[in-house]
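The values are calculated or read from the model by the stated rules, or taken from the named source; none is laboratory data. This structure is a prediction, so every number in the text was calculated from the model and none was measured. Here the Cβ is made from the backbone with ideal geometry for all residues, glycine too, and neighbour counts use every protein chain on show.
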Amino acid sequence: MRNHHMLRQRNARLGGIAAIAGMTLLVSACANGSITPASTAETSSAAAVPADTHGRVAISYPGGISVLDGRTLDVVEKFDSEEFTRLNAAGDGRHVFVTTKAGFQLLDTVEPKLTDLVVDATTAGHVVRHAGNTVLFDDGTGTTTILKTADLAKTDGALPETQTYKADSPHHGVSIVLADGKLITTIGDKTSRAGAVALEAHGDHWDKAAESNECPGIHGEGTAAGEAVIFGCEDGALLFHDGKFEKFTAPDKYGRMGNAYVSETSPIVVGDYKNDPDAEGYLLNSVALIDTEKHAYNVVKLPGTIKYTFRDIARGPGDFAYILSTNGSIHVLDPKEGRIVNEFPVIDAWEGPVEWQDAHPAIVVNGNTAYITEPAAHTVHSVDLTTGKITASAQMDVVPNEIAVTLGAH
């Protein structure tokens, strides 16, 4: 049995330093077919680390993970892992959290090394990076674990101190900590999810500051300009801003938004959008546009050639949204205008997945560079989003699935 340092939360609303214990690795996955993007590039607050300025790219595949050079896409190192793992950038410019059955395992992309450090979780779920905090949610226990992002970059054989909060009931949830220390976290149980609550830490307990139960099926999270936090609902979206919640209602009776694609310099949130609860597969053809300044919610139907999944939207240069479509192109959406303004052909046409875990093309963005997986060709590409030109392509001896990118040195 391999020994792994584990971070175990105390069964209390507020935890201190967790104990370390040994445990073998197992597998975990998102509880349903719609999830937050596997990674987004970290903000400028990420700690400087001794890597090249292009950063590193982590790719998961059945049974393993590869770390690639961000410029050449050459494989720097590869590691054995589980059959299916999820990847989330930790936010410190260096590490990626790998979700396994044991919890959130820390991958160092600079050294590189799949470390023995694991934040214990029975069902590791969402990872959120914001305001100098990296926040992990364990669906199996409803536990939120809060780590200081800068401390993650300096880990040396042990994880940093943590703060924890345990929800009343386990559920497929997500949490975020704002700059003023407020914890915004979802409400639900194993059968349903209803909304979110804002909490303030006071000593060894949390006090409720605001609450909303107007967001059935709440899922995903994103933070727009001015710390306007958006969650997706089955009938619209839920905003938390300036200390209070506000509900946006979708134009359709069923109008599900499961993921929010945001820029912290833009007030407009781009959300995936589904209005047919009985539709088969995971391909979508519309987006929700939520202006958090004007308090406006609109749905835009995309041209018929543009179909995407939850892995295929990222924000990038100009605060545009970059949509990787089944026709093989990146379509550039101007959220202010609600229209497509450019198209960059990148990969061959592809079909949507049968199951959400199935390998299919994905996009993540670091600065002006997009990284694209093309599983059918066993290939990863980098694209300059200011020109649409492919800057590098690398064929792998595996089928790439999840992808995450770290910033590298600042």
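Annotations
- Selected residue (criterion: farthest from residue 238 (Cα to Cα)) from residues of region 286-306 that are more than 21 Å from the chain's Cα centre (by Cα) and among the polar types (S, T, N, Q): 305
- Yes/no for residue 365 being more than 22 Å from the chain's Cα centre (by Cα) and at pLDDT 95 or above: no
- Of the residues making up region 282-335, those that are among the hydrophobic types (A, V, I, L, M, F, W, C), in a strand (DSSP E or B) and either surrounded by fewer than 23 Cβ atoms within 10 Å (Cβ to Cβ) or touching a Lys or Arg at 6+ places or on another chain (Cβ under 9 Å) (or both) are 284, 287, 289, 296, 299, 300, 321, 324, 332, 333.
- Condition check for residue 264: in a loop (DSSP other than H, G, I, E, B) and acidic (Asp, Glu): yes
- Residues of region 106-122 include at least one that is modelled with pLDDT of 95 or more, assigned to a loop (DSSP other than H, G, I, E, B) and within 30 Å of residue 170 (Cβ to Cβ).
- Of the listed requirements (1) of a type in the set (Asp, Glu); (2) surrounded by fewer than 15 Cβ atoms within 10 Å (Cβ to Cβ); (3) under 18 Å from residue 310 (Cβ atoms), residue 180 misses just one: (3).
- Residues (crowded, with 24+ Cβ neighbours inside 10 Å and not basic (Lys, Arg)) located in region 77-86: 85
- With respect to the conditions (1) without any contact (Cβ under 8 Å) to a residue 60 or more places away in the chain; (2) assigned to a strand (DSSP E or B), residue 145 lacks only one, and its number is (1).
- In region 234-285, residue farthest from the chain's Cα centre (by Cα) [restricted to those that are more than 22 Å from residue 126 (Cα to Cα) and of a type in the set (Phe, Trp, Tyr)]: 254
Yes or no, residue by residue, for (1) modelled with pLDDT of 95 or more; (2) surrounded by 23 or more Cβ atoms within 10 Å (Cβ to Cβ); (3) not in a strand (DSSP E or B):
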position	(1), (2), (3)
141	yes, no, yes
187	yes, no, no
190	no, no, yes
201	no, no, no
208	yes, no, no
217	yes, no, yes
226	yes, no, yes
240	yes, yes, no
247	yes, no, no
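- In region 182-227, the residues that are farther than 25 Å from residue 253 by Cα and in contact with a His (Cβ under 8 Å, 6 or more places away or on another chain): 223, 226, 227
- Complete set of residues in region 385-398 that are of a type outside the set (Ser, Thr, Tyr) and either touching a Leu at 6+ places or on another chain (Cβ under 7 Å) or surrounded by 16 or more Cβ atoms within 10 Å (Cβ to Cβ) (or both): 385, 388, 390, 392, 394, 396, 398
- For region 152-167, the tally of residues that are touching a strand residue (DSSP E or B) at 6+ places or on another chain (Cβ under 8 Å) and farther than 15 Å from residue 132 by Cα stands at 8.
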